[in-house]
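Asks: This is the structure I have questions about; it appears just below.
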Amino acid sequence: MKVIDLIRNNKNTAFSFEILPPLKGNSIQKVYNVIDKLREFDPKYINITSHHSEFIYKTLPDGNIQKVNIRKRPGSVAIASAIQNKYGITAVPHIICKGFTKDETEYALIDLNFLGVYDLLLLRGDIKTLDTSMNTGQYHEHATDLQQQVNNFNNGIAIDGSTFEANETPFSYGMACYPEKHEEAPNMDSDIFYLKEKVKNGADYLVTQMFFDNKKYYAFVDRCRAEGITVPIIPGIKPVVFKNQLTVLPKIFRSEIPEPFATELSKCKNDKEAEEVGVEWCIQQCKDLIAHGVPSLHFYTMMASNSVYRVAKEIY
């Protein structure tokens, strides 16, 4: 069953979460440990992030500097298949356009089809650590370009223009949205315009960037509905677990920390106290979202799986 069907067929607010592939060389057991911890809350689907290669400069024994291309967290496709087969829970690998060539994307789609993984989340991906000298013609510039490749694949059209027998089960996908505006959008009007394009071209649902002020989410949803966007808009939720996230999260994710929350975090003397404040804020935030009838809550678990467990224990 597709993610959109799992959401719509769930009588109450659905639960889902996102995990990261382990660092290269580490065991998949790290992934299983998170799932084993959270599966009691009946997750409808589990997202697996994708990470592009990064270029670093390595000093050689002779003192010369060598540019090295590394991918710290490979394996999203394999992990998605492993999760789906081990747990029987729908897996949703992220497919990103930045840092992955069009050919790499096509090979991933072929492998996912063979593995029976048909749900995707299509994203542009982080660009902060990309090599600016790469051949941009090999990559999609925007998530909507990536979306077109997936649509073509569903229709039996390869990236080189050749045709093949379309897959029996087409890929279904969600895409990202930003209640506080994408960092590169000049204004919210522009952001909403491209969001409408995503939905018009086939996005089944939207997942928000993390936010901490529900009023911003509600205003965003109202704006989307007024613009004719009718697909589910799923709140992306992350409990704060470190004191420095008071300044780090707004800087990296452009997510504003509401003043009452910021005041309490600023009083914390250490990360343990910040974690407690973060869990309490997140519980109240989620209770309010559920009371407003959101279709699902999607949790970002990076360095926060214990907090996500505590929050879910209170609301599910």
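The values are calculated or read from the model by the stated rules, or taken from the named source; none is laboratory data. Predicted model, so just to flag it, every value in this text is computed and none were measured. Counting neighbours? That spans all protein chains shown, and the Cβs are built from the backbone with ideal geometry, glycine included. The accessibility values were calculated without ligands, DNA or RNA, using every heavy atom of the protein model including side chains. Shrake-Rupley method; radii C 1.70, N 1.55, O 1.52, S 1.80 Å.
Asks: For LYS181, list the lysines whose Cα falls under 16 Å from its own Cα; do not include residues on the same chain fewer than 8 positions away.
Replies: LYS196, LYS198, LYS215, LYS216, LYS251
Asks: Give the residue from PHE15, MET188, ALA91 lying farthest towards the positive end of the charge dipole for the chain; charges sit on Cβ (+1 for Lys and Arg, -1 for Asp and Glu) and the dipole is referred to the Cα centre.
Replies: The one lying farthest along the dipole's positive direction is PHE15.
Asks: Tell me, in nm to one decimal, what length is gained between ASN201 and LYS86 on full extension, where the rule is 0.36 nm per residue of separation less the Cα-Cα distance? Could the numbers behind the result be given before it?
Replies: Working: separation 115, 0.36 × 115 = 41.40 nm, distance 3.29 nm.
Result for the pair: 38.1 nm of gain on full extension.
Asks: Rank by packing, highest mean first: peptides 172-181, 157-166, with packing defined as the count of other Cβ atoms within 10 Å averaged across residues.
Replies: On the way: 172-181: 23.3, 157-166: 10.8.
Result, highest mean Cβ count within 10 Å first: 172-181, 157-166.
Asks: Hey, with R₀ at 25 Å, roughly what FRET efficiency would LEU23 and GLU141 work out to, going by the Cβ-Cβ distance, to 0.05? Walk me through the numbers on the way to the answer.
Replies: Working: r = 29 Å, r/R0 = 1.15.
Calculated value: 0.30.
Asks: Going by accessible area, probe 1.4 Å, with all protein chains left in place, what is the ranking of ARG8, ARG124, ARG223, ARG254, largest first? Walk me through the numbers on the way to the answer.
Replies: Values: ARG8 150, ARG124 45, ARG223 75, ARG254 110 Å².
Largest accessible area first, the residues go ARG8, ARG254, ARG223, ARG124.
Asks: Also: So, with +1 on the Cβ of K and R and -1 on the Cβ of D and E, and no other charges, what is the size of the charge dipole of the chain about its Cα centre, to the nearest 20 debye? All intermediate terms of the calculation are to be shown ahead of the outcome.
Replies: Values: 36 positive and 39 negative charges, 139 e Å.
That gives the chain a dipole magnitude of about 660 debye.
Asks: For segment 201-316, what ratio Rg/Rh do Cα atoms give with a Kirkwood hydrodynamic radius? Walk me through the numbers before you get to the answer.
Replies: On the way: Rg = 14.5 Å, Rh = 14.8 Å.
So for segment 201-316, dividing Rg by the Kirkwood Rh gives 0.98.
Asks: Which percent of the accessible heavy-atom area of the chain goes to carbon and sulfur, probe 1.4 angstrom?
Replies: Carbon-and-sulfur percentage of accessible area, whole number: 50.
Asks: Where the eigenvalues come from the Cα gyration tensor of the chain, what are the semi-axes √(5λ) of the equivalent ellipsoid, largest first, in whole Å?
Replies: On the way: eigenvalues 177, 128, 88 Å².
After diagonalising the Cα gyration tensor, the semi-axes are 30, 25, 21 Å.
Asks: How far is it, in nm, from the label point at ASN33 to the one at HIS292 when both lie 7 Å from their Cα along the line to the Cβ?
Replies: Output for this residue pair reads 3.5 nm.
Asks: Check cross-link reach from LYS44 to the aspartates and glutamates: straight Cα distance under 16 Å, and skip same-chain residues fewer than eight apart.
Replies: ASP5, GLU18, ASP36, ASP119, ASP204
Asks: Work out the length of the dipole vector of segment 222-286 about its Cα centre, built from +1 on the beta-carbon of each Lys and Arg and -1 on the beta-carbon of each Asp and Glu, and round it to the nearest 20 debye.
Replies: Values: 9 positive and 10 negative charges, 45 e Å.
Here segment 222-286 has a charge dipole of around 220 debye.
Asks: While we're on this one: At a 1.4 Å probe radius, which order do PHE253, PHE15, PHE114 fall into by accessible area, largest first?
Replies: From most accessible down to least: PHE114, PHE253, PHE15.
Asks: Along Cα→Cβ, 7 Å out, is where each label goes; now give me the distance between the ones at THR247 and ASP111 in nm to one decimal.
Replies: 4.0
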